[in-house]
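The values are calculated or read from the model by the stated rules, or taken from the named source; none is laboratory data. Quantities reported herein were computed from a predicted structural model and do not represent experimental measurements. Because the Cβ atoms are built from the backbone with ideal geometry, glycine has one as well, and the counts that use them run over all protein chains shown.
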Amino acid sequence: MAFTLSNLLQGMFKELGQLTVSKATGGSTTTVVDTTILNRYADDAMKEGAMFVVRDAGGANAAPEGQFQRISAYVDSTTTFTVDTALTVAVASGDTYGWASPRYPLQTMIEMANDALRGLGDVSLIDTTTLDTAAAQTEYTASVAWKRARPYRVDIQTILNDSNDNRWVETKAWEWIPAAAGSTGLLVFNFQPIASRDIRVWYKGPHGLLNAYSDVVNEAIDPELAVIAGALKAAEWQNSRTQGSDQFLLQKINKLENMLMQRKAETPITRVKRQSKLLVVGPDSTSLDYITPPPRP
């Protein structure tokens, strides 16, 4: 099961002690009703906090499970939360929901989650759509996304019209030409590739931005590592707001820093290692960069 932005945010709020979980007794696409909390909170006590549908009562991971929105109102006499934007499906009796304190605004937490993921370091990525080989062409305009670090592997497709049998062949006969900020670089081959083939580029880059509740955290990152890193970012943000006046928050930050260090050691991010280029010298040396489509078995 994918670990999504919703899962990450819920984990961050829990780690910070800001998420209260209960079961709804009713609701709609814009409201959550929970009669079990009558007379427990003042009107609008949760306003500007976040509302999560943690689990769908049907148990099939169906909508609105995972969806979240900002709380725009709370009325104690009817124990009704109202959210600012409608969910795709109405909340039903028995759905597990959670509300998070307005101390950590939802949009800020999304930003902290993205900052944390990028702060954990680059992840291994592959681009198979930007470039195709062309006749009489050895120089290709590279994607700006590849410029963060020199691509570490290039493959060329050798079989066409079969999505399950591309027969990718790695070539080491290429050079990377950088460019000015915001400009595209060049991927230059030292031979003429066969035309009309996909070029697969392996590179490292920052984690993509997450915005929707269902956006997936890159599987190379351990979920618990992501939660700890996100909670630490949020706690540091809150500490800056209070100018270090909250001693409990300072202790929490110290604990999270230690947890992060330990989790990084236990669950490092999986990254594909760059392979070295080999030079074979001698009468029997053979170039591995002359690409010929392999025969089908």
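Any chance region 67-75 includes a residue that's at pLDDT 95 or above, aliphatic (A, V, I, L, M) and surrounded by fewer than 21 Cβ atoms within 10 Å (Cβ to Cβ)? Looking through region 67-75, at least one residue is at pLDDT 95 or above, aliphatic (A, V, I, L, M) and surrounded by fewer than 21 Cβ atoms within 10 Å (Cβ to Cβ).
Restricting to region 91-136, and then to whatever is out of contact with any strand residue (DSSP E or B) (no Cβ under 9 Å at 6 or more places or on another chain) and either without any contact (Cβ under 8 Å) to a residue 12 or more places away in the chain or not in a helix (DSSP H, G or I) (or both), can you tell me which residue is surrounded by the fewest Cβ atoms within 10 Å (Cβ to Cβ)? By that ranking, first place goes to Ala136. If the condition is being of a type in the set (Phe, Trp, Tyr) and more than 16 Å from Thr138 (Cα to Cα), then region 156-180 contributes only Trp168.
Flag: Ala265 matches the condition of being out of contact with any helix residue (DSSP H, G or I) (no Cβ under 7 Å at 6 or more places or on another chain) and modelled with pLDDT of 95 or more. Screening the candidates Thr82, Thr78, Thr36 for the property of being over 20 Å from Gln238 (Cα atoms), assigned to a strand (DSSP E or B) and over 25 Å from the mean Cα position of the chain (by Cα) yields one hit, Thr82. Looking across Lys14, Lys23, one residue alone is of a type in the set (Lys, Arg) and more than 24 Å from the chain's Cα centre (by Cα). It is Lys23.
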